[in-house]
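Engineer: Quick one: structure below, then a few questions.
The values are calculated or read from the model by the stated rules, or taken from the named source; none is laboratory data. Small disclaimer: the values here were computed from a predicted structure and weren't measured. Cβ: placed from backbone, ideal geometry, glycine included. Neighbour counts: every protein chain shown. Heads up: the accessible areas ignore ligands, DNA and RNA and are worked out on the full protein's heavy atoms, side chains in. Shrake-Rupley method; radii C 1.70, N 1.55, O 1.52, S 1.80 Å.
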Amino acid sequence: MQTTKVEPTTRTVPGPVKRTALNPTLRTESVVALGTFGALAFGAAALGSRQSSADQRWFRRLRKPPFQPPPKVFAPVWTVLYGLIAVSGWRVWTAPAGPARSKALAWWGVQLGLNAAWSWLFFGRHQPRRALADNVALLGSIGAYVATTRNVDRPAAWLVAPYLTWVGFANVLNAEIVRRNP
């Protein structure tokens, strides 16, 4: 009697996601997906970086709160955060298909778009008030992503906890800049 070995996949297993070895086809698909999530996060980072370096004189002239981190802190922090955002999105994508996964991936896209829009509004357009409104929406979208994602893949939800915390802090900074620069 011949037995057939069935390799488990992370795409069709019902219930909690089991992280097991992928079959060769899904392994290639997963690597491509990870690269895609990384490229999307890198694209948002590149847009933000381009905007934030466009007019440094304007930013230097703003009155900022005393708890504003030094400029050299932002690049390493955001590099780590964008990496976590990409891995989180990829983990959700590797979870079994279904409405919760689709909703989580939609929230992932929304938060990334709002993230990129903030730099454009704040640095590119010099509109701290509108950037603050965007940042509040960004914080809400990250919260919605976490709430949806924890039902799909808990580690993916935890991966964006530092991002949620940093954006909360960024809201306080942005609000203080608006207050100090009427």
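Engineer: Only one of (1) open to solvent by 40 Å² or more (accessible area, probe 1.4 Å); (2) at pLDDT below 80; (3) closer than 19 Å to Ser88 by Cα; (4) part of a helix (DSSP H, G or I) fails for Arg50. Which number is that?
Structural biologist: (3)
Engineer: Can you name the residue in region 53-66 that is outside any helix (DSSP H, G or I) and open to solvent by 70 Å² or more (accessible area, probe 1.4 Å) and, of all such residues, is nearest to Val178 (Cα to Cα)?
Structural biologist: Ranking the qualifying residues of region 53-66, first place goes to Arg63.
Engineer: What number of residues in region 131-177 are over 27 Å from Arg91 (Cα atoms) and surrounded by 16 or more Cβ atoms within 10 Å (Cβ to Cβ)?
Structural biologist: Looking only at that region, the number is 7.
Engineer: With the structure loaded, tell me whether Val32 is over 19 Å from the mean Cα position of the chain (by Cα) and either open to solvent by 70 Å² or more (accessible area, probe 1.4 Å) or at pLDDT below 55 (or both) or whether it fails that test.
Structural biologist: Numbers: over 19 Å from the mean Cα position of the chain (by Cα): no; either open to solvent by 70 Å² or more (accessible area, probe 1.4 Å) or at pLDDT below 55 (or both): yes.
Against the criterion (over 19 Å from the mean Cα position of the chain (by Cα) and either open to solvent by 70 Å² or more (accessible area, probe 1.4 Å) or at pLDDT below 55 (or both)), Val32 does not qualify.
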